Amino acid sequence: MFWQFVVPALRRMGGWPKERCKLPRVKVQINEDVWLDPRPEFHRVVVRWTSSGLAAFSTGGQRSSRVASLAGANGFLALPAKVEGGKSKLEKGSLVEAVIVGELQV
């Protein structure tokens, strides 16, 4: 994933201090249920400031062929892997870590 690996690597190669190479991560409230996959994954979202704090809104279908959903995204939800016997989804209103890749919407 470009934002997770390439951008930090380019920053490091460009002489950035190691602690500033990674993209910022923040806790956001999800506005709909999000199903978990057996693998950890990154779900494209638009992160907006709301009256209750930062909220994440899905950009729609998450298949790799859905490039349009990437164009409008300014963040990625860092979703954990589904574990056997554990939760199969994160419920609306849950707090989830998001990687910020663009300007936040106000």
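What to note about this one:
- Residues of the stretch 73-106 that are under 13 Å from the mean Cα position of the chain (by Cα), open to solvent by less than 50 Å² (accessible area, probe 1.4 Å) and modelled with pLDDT under 90: 73, 101, 102.
- Reported count of residues in the stretch 45-60, each being of a type in the set (Phe, Trp, Tyr) and buried (at least 18 other Cβ atoms within 10 Å of the Cβ), is 1.
- Failed item, numbered, when residue 8 is tested on (1) within 16 Å of residue 92 (Cβ to Cβ); (2) out of contact with any Ser or Thr (no Cβ under 7 Å at 6 or more places or on another chain); (3) surrounded by 14 or more Cβ atoms within 10 Å (Cβ to Cβ): (1)
- Here residue 44 clears all of (1) assigned to a loop (DSSP other than H, G, I, E, B); (2) in contact with a helix residue (DSSP H, G or I) (Cβ under 9 Å, 6 or more places away or on another chain); (3) at pLDDT 90 or above except the condition numbered (1).
- Looking across the stretch 19-40, the residues that are free of Cβ contacts under 8 Å to residues at least 40 places away in the same chain and surrounded by 12 or more Cβ atoms within 10 Å (Cβ to Cβ) come down to 21, 22.
The values are calculated or read from the model by the stated rules, or taken from the named source; none is laboratory data. Since the structure is predicted, the reported quantities are computational estimates derived from the model, not experimental observations. So basically every Cβ, Gly included, is an ideal-geometry build from the backbone, and we count neighbours across all protein chains shown. Heavy atoms of the whole protein, side chains included, go into the accessibility calculation; ligands, DNA and RNA do not. Shrake-Rupley method; radii C 1.70, N 1.55, O 1.52, S 1.80 Å.
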